[in-house]
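One structure below.
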Amino acid sequence: MSLVVAPLVPQQSSHVQVAIRLRPHQDDCILKVPQHPVLVIPEKKKQYTYDHVFDDTNSNEDVFGPIIPLVQSFLLGYNATVFAYGQTGSGKSYSMGSDGENDDGIIPLALNMIFERAASQFQHEYSCHVTFCEIYGDDVRDLFSKQLMTKVTDQLTKQKVTSADKARHFLQKGLLHRTTAKTKMNSTSSRSHAIFTLELHQIVSPTQKLTSKFHFVDLAGSERPKKTLAEGLRFKEGININKGLLALGNVMNALSEKKPYVPYRSSKLTRMLQDALGGNSQTLMLACVSPAKANLNESLNSLEYAQRTRKICNNALVNAQIERPSIPPLIQSELEKLRAEIARLMVENKNLQDCVANLTVYRNQKPTQEYIWQSEEVRSIVQATSTLLYDIVLQGTIYLERLGVHACITVTRHPRTKKFRQAMQAHPMGVFVANLGFVLSCSFIYCVDIVCPNLL
Ligand SMILES: Nc1ncnc2c1ncn2[C@@H]1O[C@H](COP(=O)(O)OP(=O)(O)OP(=O)(O)O)[C@@H](O)[C@H]1O
Ligand SMILES: [Mg+2]
């Protein structure tokens with residue numbers, strides 16, 4: 001069997017969905033949610049509208065709501081990406097369920113739903129694998145094998161998973177190797193960007209396969225050394241985190257402003273998220289923000305960032321492969337010949353159709369209609385009737401009626417026509433042939449274009 005990539009089915013392009021989550025906060029709350037999905041900052045007289053806004057009255061299950069359509073698309077063969085963005089300590093790992101503690105974050109809930117739906121909806125064979133990596137500094141590390149990857153395109157360790165439990169087990173296993181550390185802002189601060197990927201292979205029929213990937217990205221948070229009181233290694237990590245996020249921000253800006261050049265290659269993070277941003281994926285960004293007054297500037301940054309992200313358009317495609325049985329060489333060459341013959345006949349058919357269309361136009365022309373100069377046409381008619389013309393010249397007017405039928409394709413607007421109008425009116429039985437040099441009437445020969453007298 002030969003494997004052929006099927007024509008991909010485009011989905012309607014959609015903008016990156018953006019959900020905002022305000023982490024719980026007691027006093028000094030300066031971000032308000034007057035009504036979903038609107039968010040206001042009275043102090044700055046600012047108002048933002050997103051696809052979804054969640055505050056401390058919302059649970060992790062509520063935050064999972066906008067992910068459900070992505071799960072459904074993923075099961076249909078589309079790539080999907082959810083990434084959490086925000087200041088350090090704003091609740092990204094908590095919301096994603098990649099903090100190693102809570103079991104009702106986005107990743108565990110999505111895994112539950114994917115395996116439940118696959119079991120109840122799929123009539124066909126399917127299999128799942130997970131990979132897990134972190135980008136620490138500018139190194140990509142496989143969180144299953146703990147190996148550093150030399151290239152972004154290197155294959156990560158794939159773990160086969162047959163249930164949500166198994167997939168969650170590998171999530172926890174990988175998280176044990178993720179780089180986290182205590183800072184002043186967060187006792188379990190993620191010091192790396194982590195990408196957990198679930199890959200689904202479906203054998204829809206003996207000839208059709210679907211492969212889709214669901215990326216869950218828990219970014220490290222932007223941070224100010226002044227606030228995290230980071231020193232030494234932590235300080236260096238903070239700088240690298242901000243560098244990666246800056247590269248991501250530049251990509252977002254270029255995409256949202258539809259610039260011709262998008263700097264995906266400026267960091268490993270942006271290269272790995274290339275499809276999620278402006279590519280073949282349905283994507284949701286969860287921006288986590290703190291409503292505390294002390295974090296106003298960082299929250300404003302995140303909210304503006306989220307606004308820009310909303311302008312990014314993706315064009316997700318079904319990732320399908322079609323297997324066709326291979327054809328014996330003899331039949332293959334016969335097929336080629338038949339294809340060539342079909343192509344030739346199609347051209348011939350097209351030409352014939354054009355001829356028929358032209359003839360239909362002529363047939364439907366009324367005598368009052370203006371005709372266009374058709375020298376080729378006239379020439380061919382005259383050529384076809386040249387023997388007849390010769391007879392006419394020799395034998396007088398007996399063939400005039402027959403010739404008149406042929407000469408119905410005529411020119412009335414040719415400048416010379418007018419000149420001979422009178423002559424023709426004077427000899428209404430006349431047939432006038434130009435270019436060849438004949439004009440026949442009952443008794444004269446003129447030199448004009450072919451004109452049928454009743455068209456004048
Ligand atoms: N919505 C929430 N409800 C309850 N607790 C929360 C919520 N959001 C965050 N937290 C708590 O706040 C702390 C910091 O959250 P988390 O580690 O998820 O932040 P983060 O954005 O991942 O930060 P970093 O960028 O440093 O990794 C954690 O103890 C977490 O349990
Ligand atoms: Mg975190």
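The values are calculated or read from the model by the stated rules, or taken from the named source; none is laboratory data. Worth saying up front: this structure is predicted, and the values here are computed from it rather than measured. Every residue, glycine as well, gets a Cβ built from its backbone with ideal geometry; the counts of neighbours run over all protein chains shown.
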In this structure, is SER267 closer than 26 Å to VAL53 by Cβ and modelled with pLDDT of 90 or more? no
Which residues, counting only those in region 92-104, are surrounded by fewer than 24 Cβ atoms within 10 Å (Cβ to Cβ) and either assigned to a loop (DSSP other than H, G, I, E, B) or out of contact with any Gly (no Cβ under 8 Å at 6 or more places or on another chain) (or both)? ASP99, GLY100, GLU101, ASN102, ASP103, ASP104
Scan region 33-78 for residues that are over 26 Å from TYR126 (Cβ atoms) and either within 16 Å of ligand 2 (Cβ to nearest atom) or small (Gly, Ala, Ser) (or both) and jot them down. SER59, ASN60, VAL63
Would you check if ARG271 is among the basic types (Lys, Arg) and within 15 Å of ligand 1 (Cβ to nearest atom)? no
Among the residues of region 256-278, is any in contact with a Lys or Arg (Cβ under 9 Å, 6 or more places away or on another chain), aliphatic (A, V, I, L, M) and either more than 23 Å from ARG23 (Cα to Cα) or assigned by TED's automatic domain parsing to the domain that holds ALA110 (or both)? no
Can you name every residue in region 79-111 that is without any contact (Cβ under 8 Å) to a residue 60 or more places away in the chain and away from ligand 2 (no atom under 16 Å from the Cβ)? ASP104, LEU109
Name the residues in region 128-140 that are away from ligand 2 (no atom under 16 Å from the Cβ) and more than 27 Å from the chain's Cα centre (by Cα), would you? GLY137, ASP138, ASP139, VAL140
When residues of region 187-217 are filtered for being of a type outside the set (Gly, Ala, Ser) and within 16 Å of ligand 1 (Cβ to nearest atom), how many remain? 7
Just a yes or no: is a residue in region 35-51 surrounded by 20 or more Cβ atoms within 10 Å (Cβ to Cβ), of a type in the set (Val, Ile, Thr) and outside any helix (DSSP H, G or I)? no
Somewhere in region 339-357, is a residue within 30 Å of THR211 (Cα to Cα) and modelled with pLDDT of 65 or more? no
Quick one: in region 214-238, of everything that is under 30 Å from ASN112 (Cβ atoms) and within 15 Å of ligand 2 (Cβ to nearest atom), which residue is modelled with the lowest pLDDT? GLY221
Hits in region 52-74 - residues which are within 12 Å of ligand 1 (Cβ to nearest atom) and either surrounded by 21 or more Cβ atoms within 10 Å (Cβ to Cβ) or closer than 21 Å to GLU298 by Cα (or both): PHE54, ASP55, ASP56, VAL63
Have a look at GLY89, GLY77 and point out the one that is at pLDDT below 95, under 30 Å from the mean Cα position of the chain (by Cα), crowded, with 20+ Cβ neighbours inside 10 Å and part of a loop (DSSP other than H, G, I, E, B). GLY77
For residues that are in a loop (DSSP other than H, G, I, E, B) and surrounded by 24 or more Cβ atoms within 10 Å (Cβ to Cβ), scanning just region 278-305, find the one that is nearest to the chain's Cα centre (by Cα). SER281
Checking the structure you have, find out if any residue of region 240-252 is of a type in the set (D, E, K, R) and away from ligand 2 (no atom under 16 Å from the Cβ). yes
